[in-house]
Structures are given as structure tokens and as C-alpha cells.
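Novice: Before I ask anything, here is the structure I am working with.
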Amino acid sequence: MTAFEQASLSHPANLQAFETCITAALQILAAVKYAPMFSEARPSPDLLLEYVVEMERQAREIALLDGNAGVDIQALGQDWYARLRGSGLSALAAGFEGVHAAAYLGLAGGTTSAMMLAATACAVRGVAEEHGRLLN
């Protein structure tokens, strides 16, 4: 997501960028879950980490659009991810929870949506680390 320069959560370009971000997050999580069922390779840990970098950037941009440039959105996302994992969810399930919450809240959810997206990034990082350990 590259947010439109106009600082507005309701600007059509920002809404479209947010929807694209949610779609990409769902696709990468679904690829991890379903690719093996269709005899396809899971995304590599390196590819997953590339998505993490983009999701974290997008979360920061959403917080900025919401007027919260000083908020440590990655720390908030990490905290939420830790809560999800603490409730017994796997990294993959936590990722789906985060992206579903962000999608539900929409861009109008502002910083809370950004936090959910940051939590999703943490989950994808966790999946990449798990997958990397399996490969080594």
C-alpha cells in the first residue's frame, strides 16, 4: 500500500490501497495453508519476510493517516500477536485473526486496523521462522 499523499482515511486511493493490502495478506496466508493441499510449494521464508516488511510499512502508513505518527505500531501489533499466541493459536491462525479483524474494521478503523495489520505481519514472521526451521 502506498497511501495517497492526502491525509484522509476516506480518500478513494487510500481505500483501494488498503483493500489491496488486505487481499495480499489473505493471499499469502492462504498460500501457506493451502498450497500443500494442491501439491504446490509453500511460499519460501524469504518471500514471507518480504511480505512482512510491506505489511509493517503499510501499518505505519495507516497509523500516520489516522494522525498517530508517533505510535509504535509494530510494538502494539507484537503485543496483540503475543496475546493471540498466548490463547493457544498457531502463528498461522493468529495471522488469519489479525487480517480478518483489520478487514472487518476497514481503513476507517485507523490505528486499530493498523495494529491488526502489524499483528498479522508478526504472525507471518512467525510462520516464516517455523518454516525456516523445518527446512534446516
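Read-outs: derived from the displayed coordinates by stated rules, not from any lab. No experiment lies behind these values; they were computed from the predicted model shown. Methodologically, a virtual Cβ is constructed for each residue, glycine included, from the backbone with ideal geometry; neighbour enumeration extends over all protein chains shown.
Novice: In debye to the nearest 20, how big a dipole does the stretch 12-135 give about its Cα centre with +1 on each Lys and Arg Cβ and -1 on each Asp and Glu Cβ?
Specialist: Roughly 260 debye for the stretch 12-135.
Novice: OK, next. In degrees between 0 and 90, to the nearest 10, how far off the longest principal axis of the chain does helix 110-135 point, with axes built from Cα atoms?
Specialist: Helix 110-135 sits roughly 20 degrees off the main axis of the chain.
Novice: Over the C-alpha atoms of the stretch 12-135, what are the Rg and the largest Cα-to-Cα span, Dmax, in Å?
Specialist: Here Rg and the maximum Cα pair distance are 13.8, 45 Å.
Novice: Ok, one more. Apply the Karplus parameterisation 6.51 cos²θ - 1.76 cosθ + 1.60, with θ equal to phi minus 60°, to every residue of the stretch 85-98 and state each ³J(HN,Hα) to the nearest whole Hz, in sequence, with x for glycine and proline.
Specialist: Result, ordered by residue: 5, x, 7, x, 6, 6, 4, 5, 5, 4, x, 5, 4, x Hz.
Novice: Continuing with the same structure: Along the positive direction of the dipole of the stretch 12-135 (beta-carbon charges: Lys, Arg +1; Asp, Glu -1; about the Cα centre), which of 76, 91, 25 reaches farthest?
Specialist: 91
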